[in-house]
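Chemist: I have a structure I would like to understand better, so I am pasting it below and will then ask my questions one at a time.
The values are calculated or read from the model by the stated rules, or taken from the named source; none is laboratory data. Quantities reported herein were computed from a predicted structural model and do not represent experimental measurements. Don't worry about glycine lacking a Cβ; one is built from the backbone with ideal geometry, like all the others, and counts go over all protein chains shown. With ligands, DNA and RNA removed, areas are computed over all heavy atoms of the protein, side chains included. Shrake-Rupley method; radii C 1.70, N 1.55, O 1.52, S 1.80 Å.
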Amino acid sequence: MKTKIISAEEARKRLVAPEDMVSCSVAFIDCKLPGSHLKQNYSFIGPGVTQSSSQVVNIPEPHGFNIGAAAMPKGVTNNLHLHFTAEVFLIHEGTWRFRWGPNGENEADFSAPAILSIPTWIFRGFTNVSPEDTCGMVYTVLGGDNTGGIIWHPSILNAAREYGLYLSKDNMLIETAPGAPAPDESELLTPLAPDEIAALREWTPDEMRARAVTGEERRWSKDALLDAILPGHGGEIAPVIGYGISQDRNAAPALTDPHGFSVEWLRLADNHLMGRHLCQDTQVLMVFKGTLEISWNLDGETVTQTATERSVASIPANCWRSYRAVDGEAEVIITTAGDQRKRIWWDPAICQQARQHDRCLDPDGYVAKASILPITARRAGAALETLPL
């Protein structure tokens, strides 16, 4: 297999550091409504569902999913709308009240660090209800390279008209000057009819609660990575959505319905690392706590970069990388393209060291105690540890 070499220049282009993030205050049709006008929208990986041509997209390269964020002061609301593909909220800071249903009848509060997946084809909205008077941040992962946009609740479309804002048939924002006539109705997006709204599936609060994993509910595994037993390593994985890179045979993600991607937490103690490995699927890292040092390549020049808290790093398929926590413990969310279970390949030196500590992969690719396996099983597992030449 041909592996991808990452240069220092490309590594920097694939890192969206906090200073690289450019917000857009006119991304959506509710951008002028009282109580919503202070929203700031970000598109880090792909355009997401923005309705503004002025939205800056840091990394437009298709990943199989989109990643963005919303920064909203306390009390500010993102109004009712629905998505066609998965929408997962990664709460970085603050407390957020989510509403859903035909008219937002249901609600539930979640605080950082929490992950919530809201089903497709239901109206949803959210408000920063943090006790502190601060601007909260929530990241989002959206399914697919082309999300198809969103549908706003008819009440929001009607309210926006009072401020001269409309949506074209291709779901893009149209702003008219004060006093100017409205665009021709034939050019505008048709609001969803009441009978269509009534036909949407309803989700109870208990059903929605089952689609959230709070910080306290994370199920960390110390046996999720082959190299975790090595001195100075010790990465822990807590799966949330789908089967990601965890090599723990007992891993049990809270959500297994198809999203088009998996989401899992990686935790590293100060100055500990997840050793050099390769994944054949595109990944994105979001640093939620601490600082992560990313080192690229197996052969040739080692390229190293630092991803501080809030950073987003794009990791292309088929490249070698390792991660180290610096200046304290680090918690990172890993999003990997695809609904399938993900495979990672290890640096041969790591596999050799792991065997010296009586660890290997079993024939199904899960971490096992080497000494209890038959030779045939160890041979089969070894074929899953290192990249075939």
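Chemist: Filter the range 117-137 down to the residues that are modelled with pLDDT of 95 or more and either assigned to a strand (DSSP E or B) or hydroxyl-bearing (Ser, Thr, Tyr) (or both), then identify the one that is most open to solvent (accessible area, probe 1.4 Å).
Modeler: That would be Thr120.
Matching residues to (1) touching a strand residue (DSSP E or B) at 6+ places or on another chain (Cβ under 8 Å); (2) of a type in the set (Ser, Thr, Tyr); (3) open to solvent by less than 20 Å² (accessible area, probe 1.4 Å); (4) over 27 Å from Thr302 (Cβ atoms):
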site: Gln340; (1), (2), (3), (4): no, no, no, yes
site: Trp345; (1), (2), (3), (4): yes, no, no, no
site: His357; (1), (2), (3), (4): no, no, no, no
site: Glu385; (1), (2), (3), (4): yes, no, yes, no
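Chemist: Counting only residues that are under 22 Å from Phe89 (Cβ atoms), give me the strands (runs of 3 or more DSSP E) lying completely in the range 145-230 with at least 1 of them.
Modeler: In the range 145-230, 150-152 are the strands (runs of 3 or more DSSP E) which contain 1 or more residues that are under 22 Å from Phe89 (Cβ atoms).
Chemist: Out of Arg97, Arg12, report the one residue that is open to solvent by 40 Å² or more (accessible area, probe 1.4 Å), at pLDDT 95 or above and either of a type in the set (Gly, Ala, Ser) or in a strand (DSSP E or B) (or both).
Modeler: Being open to solvent by 40 Å² or more (accessible area, probe 1.4 Å), at pLDDT 95 or above and either of a type in the set (Gly, Ala, Ser) or in a strand (DSSP E or B) (or both) holds for just one of Arg97, Arg12, which is Arg97.
Chemist: Taking Ser371 as meeting all but one of (1) surrounded by fewer than 17 Cβ atoms within 10 Å (Cβ to Cβ); (2) small (Gly, Ala, Ser); (3) under 32 Å from the mean Cα position of the chain (by Cα), write down the number of the exception.
Modeler: Result: Ser371 fails condition (3) only.
Chemist: Taking the options Thr282, Thr306, name whichever one is without any contact (Cβ under 8 Å) to a residue 24 or more places away in the chain and among the polar types (S, T, N, Q). Reasoning before the result, please.
Modeler: Details: Thr282 fails: without any contact (Cβ under 8 Å) to a residue 24 or more places away in the chain.
On inspection, the qualifying residue turns out to be Thr306.
Chemist: Can you name every residue in the range 33-73 that is assigned to a loop (DSSP other than H, G, I, E, B) and either surrounded by fewer than 17 Cβ atoms within 10 Å (Cβ to Cβ) or of a type in the set (A, V, I, L, M, F, W, C) (or both)?
Modeler: Going residue by residue through the range 33-73, those that are assigned to a loop (DSSP other than H, G, I, E, B) are 33-39, 46-56, 60-64.
Residues satisfying the conditions are Leu33, Pro34, Gly35, His37, Leu38, Val49, Ser53, Ser54, Val56, Pro60, Glu61, Pro62.
Chemist: Does Gly104 fit the bill of being touching a residue at least 12 places away in the same chain (Cβ under 8 Å), open to solvent by less than 20 Å² (accessible area, probe 1.4 Å), of a type in the set (Gly, Ala, Ser) and in a loop (DSSP other than H, G, I, E, B)?
Modeler: Spelling it out, Gly104 is indeed touching a residue at least 12 places away in the same chain (Cβ under 8 Å), open to solvent by less than 20 Å² (accessible area, probe 1.4 Å), of a type in the set (Gly, Ala, Ser) and in a loop (DSSP other than H, G, I, E, B).
Chemist: Specify which of the listed residues (Ile350, Ile334, Ile294) is out of contact with any Cys (no Cβ under 9 Å at 6 or more places or on another chain), surrounded by 15 or more Cβ atoms within 10 Å (Cβ to Cβ), at pLDDT 95 or above and in a helix (DSSP H, G or I).
Modeler: Ile350
Chemist: Take the conditions outside any loop (DSSP other than H, G, I, E, B), at pLDDT 95 or above and either over 21 Å from Pro47 (Cβ atoms) or open to solvent by 50 Å² or more (accessible area, probe 1.4 Å) (or both) and apply them to Thr140. Does it pass?
Modeler: no
Chemist: A further question follows. Could you run through the range 270-291 and say how many residues are out of contact with any Ser or Thr (no Cβ under 9 Å at 6 or more places or on another chain) and assigned to a strand (DSSP E or B)?
Modeler: Of the range 270-291, the ones out of contact with any Ser or Thr (no Cβ under 9 Å at 6 or more places or on another chain) are 270-272, 280, 288-289.
Cutting the leftovers down to assigned to a strand (DSSP E or B) gives us 288-289.
Looking only at that region, the number is 2.
Chemist: Name every residue in the range 256-291 that is among the aliphatic types (A, V, I, L, M) and surrounded by 18 or more Cβ atoms within 10 Å (Cβ to Cβ), in order of residue number.
Modeler: Residues satisfying the conditions are Val263, Leu266, Leu268, Leu273, Met274, Leu278, Val284, Leu285, Met286, Val287.
Chemist: Here's something else I'd like to know. Residues in the range 378-389 that are out of contact with any Asp or Glu (no Cβ under 6 Å at 6 or more places or on another chain) and in a helix (DSSP H, G or I): how many?
Modeler: The number of residues fulfilling the criteria is 4.
Chemist: Right, another one. Quick one: in the range 195-232, of everything that is free of Cβ contacts under 8 Å to residues at least 40 places away in the same chain and farther than 21 Å from Lys342 by Cβ, which residue is most open to solvent (accessible area, probe 1.4 Å)?
Modeler: Checked the range 195-232; the qualifying residue most open to solvent (accessible area, probe 1.4 Å) is Glu216.
Chemist: Pull out all pairs, ordered by first then second residue, where Cβ-Cβ is under 6 Å, the residues are six or more apart or on different chains, the first lies in the range 55-79 and is at positive phi and among the small types (Gly, Ala, Ser), and the second is open to solvent by 10 Å² or more (accessible area, probe 1.4 Å) and assigned to a strand (DSSP E or B).
Modeler: Gly64/Ala337
Chemist: Identify the residue in the range 306-320 that is under 19 Å from the mean Cα position of the chain (by Cα) and in a strand (DSSP E or B) and, among all such residues, is farthest from Glu61 (Cα to Cα).
Modeler: Ala307
Chemist: Within the range 304-315, track down each residue that is open to solvent by less than 10 Å² (accessible area, probe 1.4 Å) and either out of contact with any Pro (no Cβ under 7 Å at 6 or more places or on another chain) or aliphatic (A, V, I, L, M) (or both). Steps first, answer last, please.
Modeler: Let us first name the residues in the range 304-315 that are open to solvent by less than 10 Å² (accessible area, probe 1.4 Å), namely 307, 311-315.
Correct list: Ala307, Val312, Ala313, Ser314, Ile315.
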